[in-house]
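Worksheet: the structure to be examined is printed underneath.
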Amino acid sequence: TQSKDEPATSTSVTQAVQYISLAYPCPSFTQITCEFGEYAGHSGCDFSTKGNENQNIVAAESGTVILVRLLKKSYGHYLVIRHDKTTKSGETVYTLYAHNNDIVVSEGQYVGKGQLIAYSGTTGNSTGPHCHFEVRVGGSSQSYAQNPKDYLEKE
């Protein structure tokens, strides 16, 4: 029997549900074509849509849309989601999806994992249609960016 001083144990199933595990943001195109840090200032990874615009971009995990911006330069049309689930160390995770042609969610909206949030494009500083995807851990600004490959579900 378990004494009242011993911590309760949890199963790995519970942990898998509790912690962040990100789906690919562009389900039809999962090959990374430009890696995190591949050039100075590249704080995410790119998923080329092989010349195809308007491909589905989905929420990598459930959470709340905290920012939608329609810029002419930089990230172009982009959005940021603050996720419900944290890292194993309890840090908040944010994801950013950039260069979209159209964003179909609004600030303050709650989205589910895999829900359509945007359509890919080449807005802002972009060399062709793709999804620029960032993972920011512990804070929402670019300085918190980490390699998305460390958080994406294994295919």
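The values are calculated or read from the model by the stated rules, or taken from the named source; none is laboratory data. Here the structure is a predicted model, which is why all the values come from computation and not from measurement. Neighbour counts are summed over all protein chains in view; Cβ atoms, including those assigned to glycine, are modelled from backbone coordinates with ideal geometry. Side chains are part of the model used for accessible areas, which takes the heavy atoms of the whole protein and leaves out ligands, DNA and RNA. Shrake-Rupley method; radii C 1.70, N 1.55, O 1.52, S 1.80 Å.
Listed values, structure above:
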| read-out | value |
| --- | --- |
| Residue match in the stretch 48-55 (condition: within 17 Å of Ala23 (Cβ to Cβ) and part of a strand (DSSP E or B)) | no |
| Residue satisfying condition, being in contact with a helix residue (DSSP H, G or I) (Cβ under 9 Å, 6 or more places away or on another chain), more than 16 Å from Ala145 (Cα to Cα) and among the aliphatic types (A, V, I, L, M), within set Ile32, Ile66 | Ile32 |
| Tabulated pairs, the stretch 124-147, first over 12 Å from Gly76 (Cβ atoms), second charged (D, E, K, R) and part of a strand (DSSP E or B), C-beta under 8 angstrom, 6+ apart or interchain | Phe133/Asp46; Ser140/Arg82; Gln142/Glu134; Gln142/Arg136; Tyr144/Arg136; Ala145/Glu134; Ala145/Arg136; Gln146/Arg136 |
| Number of the exception - His132 against (1) open to solvent by less than 20 Å² (accessible area, probe 1.4 Å); (2) part of a strand (DSSP E or B); (3) over 14 Å from Ser48 (Cα atoms) | (3) |
| Matching residues, the stretch 62-111, being free of Cβ contacts under 8 Å to residues at least 24 places away in the same chain and either under 24 Å from Gln18 (Cα atoms) or among the small types (Gly, Ala, Ser) (or both) | Asp84, Ser89, Gly90 |
| Residue in the stretch 101-129 that is nearest to His83 (Cα to Cα), counting only those that are among the hydrophobic types (A, V, I, L, M, F, W, C) and surrounded by 17 or more Cβ atoms within 10 Å (Cβ to Cβ) | Val111 |
